[in-house]
Each structure stands twice: as structure tokens, then as C-alpha cells.
Amino acid sequence: MIPNTCRSLLVLGVKALIQIGRPMTGQAKDPRLPDVPHIAVGPTYAHRFLDAVKKFTARPALRWKESGTWQEMSYSQLEHRVVQCAAGLHGRDVTKGDRVAIWLENSWQWIVCDLACQLLGAVTTTVYHTLVALQTADLLRDAEPAALLSNNLRLNSLFATDSNWNTGLLTLSIDNDGEGYGFEALLNEGSDAIDRDPELKSRFHTPQIEAADLSALFYTSGTTGEPKGAMLTQANVVFNAQRTIEQMLPVGVQTALLHLPLAHVMARNTTVPATLLSGGVLAIAEPEREKIPSNLVESAPTAFPTVPHLLDKFRERALHAIDEKRPVMRKLARLALRRCGVRRQAAIQAGGDVKTAKLGIVEQLLDRIVLSKLRDKLGGRMEFIVTGGANSNRQSIEFFWGIGVPVYEGYGATELTGTAAITWSRGFKLGTVGQAVPGVEIKLADDGEVLVRGPIVMKGYWRRPEATAAAIDQHGWYHTGDIGTLDAAGYLTIIDRKREIMVLTTGKNIAPQAVENALKRSPLVTNVCTIGDGRRYATALVVPDLAAACQRLGLSEPTTLDNPKVIELLRVELDSLMTDLADFQRIKRFTLITEPFTPDNQLVTPTLKLLRRRIAERFADDIEDLYAESPQRAIPI
């Protein structure tokens, strides 16, 4: 029987009902049955890019926002600027094997410079835009680049650390006045050089680069010790991109929104080449994270590689908006999420996806009236989301699948070029990061450490033979440092970092990420760091979302951490989130702190991994209080 709420809405849904049976906006064909594109024959990223330009000449390649307006660059225009840049760098004595560092937010200039390096045989050296000048200086001293592309503000801060950078390094600025040589001026130099010597362009169109040559030097985030440069070859990058294309991207139809930093392997080695080499469009999001929602709507992407945190925030905003609706509409929205979610979850468990879900007449109507509005917030054409880099919140994954947008979880590392396992490869299994990418091997060591072997494994660490030997054994297995499990079908689940496993004085081992991921399911929690190594029980430092707490409590004015109502709200919330944890895993006390964990205060890496040693040093007094006989601020659970 149709519920009364649904029956009362049939009249409102007549127009939507007419649409039933037509393809849902943004739904792609089964990604496990792709139209596999044969994109190129060249062995390197440079060869593949040039071949893509021949195939997709007039199509748009890049889109980005400038002064509030979206700009566009076709494949031929992109190739023109890339060749200009290569010629300009060549004229400045940058040659094959030289490192060219890029210290910028995502931009078309970043991509042009990177591709120019590939034509030259130079090695793109990535620097996270969030690094401060002293950190960047240390990285540059290690890499010894021939050139650095940045902007005036960053170059000024670098020169302030050591004025010799201004004389010993070709510094290029996307700002065309001030410090460094203007990037536009470099492009003009390259254009002039080609005019003087037409053969120069022909040489760049037949790059003398081999598969074993280096493509990029990626510096690891460095949760412990000094960052190390992972040497990634042309073969590494091409294999990673091609596997992505073969499994997910039909030629020329994808628009991917790029917001992950290009200094991250998922962005530079997967999103960019997989999109461009298959004739898709790469829309570059504005650097401010708060603009991502509007960029999604404006660019209407079909693919969105992102981090789990953003998915959690989207879900939280959506559920909050539903809670704010009038009773009838609130009940309708919740009904849509529940009924469509159940049908789609059933399809997933049966080995299908959102397209194979059998929605009844009521669910189809609810989907058109309610869930399509949520998909519109993602641009209205979203076919899939890819996420990795941290354990995802299962509730968020189920939410997106429920509204009709598949989320594929992946697993990789800087040293693995990009993706080692993903849930799109041969089916989807909720709660795992999927199976090994075809051509890649994954196994577990005796202690549960995840080992990976195959064409994605780096060549080694830059000028660190001992570190390389420690990471890659004599049989070619890369030791990831992650602890995981593999089921009989080869589905991988990541539990924690091997070196982050905490040992209590009771002898029990705790994987801190398991605890932290459980607690971060709450919209009241911004971040959390588990404490317990060498202690008798686990505790936590918790960064609360006070605005969300006030909203939950119905407080109209901002509040503070010592508000008894906020403390009790969080105590009850955290306790309820640990029901699935063993008693020894459950935190017994917690402390609320106001300082967020960000790359700016160096409490997390640029990829948002906790820097536990620094957190322990920064909050040493708070941690001692957590274990004091008469704590001052610690809150018991």
C-alpha cells in the first residue's frame, strides 16, 4: 500500500511521473563494461598527449575561472602553449633530466608547465602550495631544480629565507611583474624561438623520451622524518592513466572537476592524464575550498575525484537542509532517502549498481521530486565520484549511492604513482577499497602489512638508496606501511598505518584510525587524535564544530568549550559512536581543543594525515591531564 504521504503527493508528481522511464540525469553506462578507448601508441606521457591533441584538436581541454568568468582552452590551444613553454625553457638551458619545481595552486599554468617538461624530458617536481617558505627551501635544496614556477608572494617569501635563490635558480612567476621572470614572457620567448627556428617545434613534436625516463619527482607528505622524493617514470604514469581510462572513461564525454592539489598523485597522475588523454574536459576548481559547491553547479562535471571529508560535509549539509524543511516535505525527503537507498543498496549487494536498481513507481517518483534536487547540487550530470587518501565514512558512501551517485573508493600512495586498488575494477564491495588494478599484485606480509608489486611502483627515492632498499624488497614488492586485510575475492580493507599502531600497557593493540573514523562520523566533530601508546587506556583530543553544536542545542549565540550543555552533548554523542568498538578500543576520556588541525599550523600534512608527534608536542599538557588522577579539563565517558 502506498503511504499517505506519498499518495498526497501524486498530484504534485504528475509531471515528474511523465519523465519516469527516461534515463536519469547524470547516470553513466555500467563502468565495469566500458567503451575502451585506444588512445595512443607512444610509450610516454608526452607521446600520449601529442596523440590526444591530434584526435581531439578542437574540443575543449581546460576550463578555469578568471575574474569571475569561466575561460576555456581547446586541445590545440593547450598544445600551442605547451610547445611555447617547452621552447622557452629550452632557451633558458633547461634540458632532459633537469628538475622543474612548481609551487602553485592548481592553474592552467601548472598544467602547461608540467606538460612542457614532459616534451623536454625535464622532471616535474611537485611542491604543495600550502608549504611555507622554509619547508619549500629544504625541498628545493634536495631536488636541486633548474627552474621554479610560482607567484610573487611565494617567491618573495623564499628569497627572504636566502637571497641566493634569486641568482642560482631560474624563477618564474605567473604574476607578470615583480619577483621572478614572468611566465607569459617565457611563453613569448618560446614563440619567438620557434619563429626563428621552425625545426624546433618539430623536435618537440617528436620527443626523444623513453618509458624508463623520469616524469616527475613527488615529495611524500612526511608524517615522520624528512620528506622524500619519489621518482616516478613515464611508464609509471602512462600505466596508471591507461588503467583508469580503460575502466571508467569513455572517449571525450567526461568533464572532471579538479580540486585536489596537483602536487598530489591522484590529481597529477590520474585525474589530469586520464581526462586529457581520453578527450575529456578538465575543469579547474577555484582554490578556495568554500567555492567548491558553486564550482560543482557551474561546471556540471560528470566525474569528481575528491577526499572523504568533502563527501561527509555534503551529506551533513543535505541532512541539515532536510531537517529545516516543513514537516510534510521533511517526511517526504526522509522517505525518499530511505526507500531509494534500500533499493539501490540491494542492487549493490547483488553485484549491480545504481543503474540496475529496480525502483518501484513510488521510488521513481520520490527520486524525481526529491533526490534529483540533491544531484543538481553536484551539477546535475554526475556519473561517479572517486575518493581515496583516508578511510571513508560508510554512512556518506551509502548516502551518495542512495541518491543515485556511485562513489568508488580507491587505495594508493605517492610511491605507487596513483591507484593500486579501486572498487570499480571488478565490482563494488562496500567497506573495502576494492581489488587490485589489473596488472598490479597485492598481498599481505605475515604481520598484515600491505605489499604491492607492479608497473605503478616507483623507481625509488631521489638520492636515497638506503630508503629505497628499505621500501622495495629484492622481489619488487613495495612495503606500504599500511595494515590491511584481504578477503577470498581479493577485496582490500585498510585498517591503519603499521607504525601508528598503539600498544597499551595492557598489551592490547589499537589502530587509532579505526577509533578516529568512528568518532568523525559525527557532524559535531571536526577532527580527532587518539592517544594511548604506552598508556593504560585510550583517550582523545577532539576538535569540535561549535557552530554545529549550537545548532543542535538550539542556541542562537556562539558558545565556548566550557559550556556544560556542549560538553554533555559531545560526551553522549561520542559514547554512542563507539558501540561497535571493543572495550579496550573505546576512549575513556577526551579533551576539547579549539585549535584546528591544518597544514598551516603543521598539525597535518598537505594530504590531511595527522602529524601525531607534533600534535603530542603541541598539546602535551592536555595529554598529561587526560591521564591525571584529578584531571582539570579531561571529560570522562
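Data table
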| item | result |
| --- | --- |
| Residues of region 621-637 satisfying the condition of being in contact (Cβ under 8 Å) with a residue 12 or more places away in the chain, touching an Asp or Glu at 6+ places or on another chain (Cβ under 7 Å) and open to solvent by 20 Å² or more (accessible area, probe 1.4 Å) | P631, R633, I637 |
| Members of region 422-464 that are out of contact with any Lys or Arg (no Cβ under 9 Å at 6 or more places or on another chain), assigned to a strand (DSSP E or B) and farther than 24 Å from A211 by Cβ | L444 |
| Unmet criterion (only one of (1) touching a residue at least 40 places away in the same chain (Cβ under 8 Å); (2) touching a strand residue (DSSP E or B) at 6+ places or on another chain (Cβ under 9 Å); (3) open to solvent by 20 Å² or more (accessible area, probe 1.4 Å)) for G439 | (2) |
| Flag if R243 is among the basic types (K, R), crowded, with 20+ Cβ neighbours inside 10 Å, part of a helix (DSSP H, G or I) and at pLDDT below 95 | yes |
| Any helices (runs of 4 or more DSSP H) falling wholly within region 120-221 and containing at least 3 residues that are of a type in the set (S, T, N, Q) | 152-161 |
| Within region 71-86, considering residues that are over 15 Å from L119 (Cα atoms) and open to solvent by 70 Å² or more (accessible area, probe 1.4 Å), the one nearest to the chain's Cα centre (by Cα) | E72 |
| Sole residue being within 20 Å of Q551 (Cβ to Cβ) and open to solvent by less than 30 Å² (accessible area, probe 1.4 Å), chosen from A318, A336, A283 | A318 |
| Among the residues listed as N164, N188, the single one being under 24 Å from P227 (Cβ atoms) and surrounded by fewer than 18 Cβ atoms within 10 Å (Cβ to Cβ) | N164 |
| Some residue of region 578-591 being under 23 Å from the mean Cα position of the chain (by Cα) and open to solvent by 30 Å² or more (accessible area, probe 1.4 Å) | no |
| Tally of residues being open to solvent by less than 40 Å² (accessible area, probe 1.4 Å), at pLDDT below 95 and under 21 Å from the mean Cα position of the chain (by Cα) across region 203-239 | 5 |
| Residue in region 99-119 that is farthest from the chain's Cα centre (by Cα), counting only those that are outside any strand (DSSP E or B) and of a type in the set (G, A, S) | A116 |
| Residue under evaluation V112, criteria (1) in contact with a Cys (Cβ under 8 Å, 6 or more places away or on another chain); (2) open to solvent by 40 Å² or more (accessible area, probe 1.4 Å); (3) among the aliphatic types (A, V, I, L, M), criterion not met | (2) |
| Of residues in region 465-490 being touching a residue at least 12 places away in the same chain (Cβ under 8 Å) and in a helix (DSSP H, G or I), the one least open to solvent (accessible area, probe 1.4 Å) | A471 |
| Flag for V457 being under 25 Å from P293 (Cα atoms) and among the aliphatic types (A, V, I, L, M) | no |
| Subset of region 406-445 (residues that are under 17 Å from M266 (Cβ atoms) and charged (D, E, K, R)) | E409, E415 |
| Hey, V566 among the β-branched types (V, I, T), crowded, with 18+ Cβ neighbours inside 10 Å and outside any helix (DSSP H, G or I) or not | no |
| Close pairs from region 528-549: first more than 20 Å from L608 (Cβ to Cβ), partner hydroxyl-bearing (S, T, Y) and open to solvent by less than 20 Å² (accessible area, probe 1.4 Å), Cβ under 9 Å, at least 6 apart | G532/T539; A538/T530; T539/T530; T539/T591 |
| Filtered residues of region 399-421 (kept if of a type in the set (F, W, Y) and part of a strand (DSSP E or B)) | Y408, Y411 |
| Members of region 410-429 found to be modelled with pLDDT under 90 and open to solvent by less than 20 Å² (accessible area, probe 1.4 Å), listed by number | T423, W424, S425, G427 |
| Test: residue in region 593-613 that is in contact (Cβ under 8 Å) with a residue 40 or more places away in the chain and more than 29 Å from the chain's Cα centre (by Cα) | no |
| Filter pass, A274 being under 29 Å from A235 (Cα atoms), in contact (Cβ under 8 Å) with a residue 40 or more places away in the chain and surrounded by 18 or more Cβ atoms within 10 Å (Cβ to Cβ) | no |
| Residues being more than 25 Å from the chain's Cα centre (by Cα), modelled with pLDDT under 85 and of a type in the set (D, E, K, R) - total across region 327-383 | 2 |
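The values are calculated or read from the model by the stated rules, or taken from the named source; none is laboratory data. Just so it is clear, the structure is predicted and the values come from calculations on it, not from any experiment. Note: ideal-geometry Cβ built from the backbone for every residue, glycine included; neighbour counts use all protein chains shown. Calculation scope for accessible area: heavy atoms of the full protein, side chains included, ligands and nucleic acids excluded. Shrake-Rupley method; radii C 1.70, N 1.55, O 1.52, S 1.80 Å.
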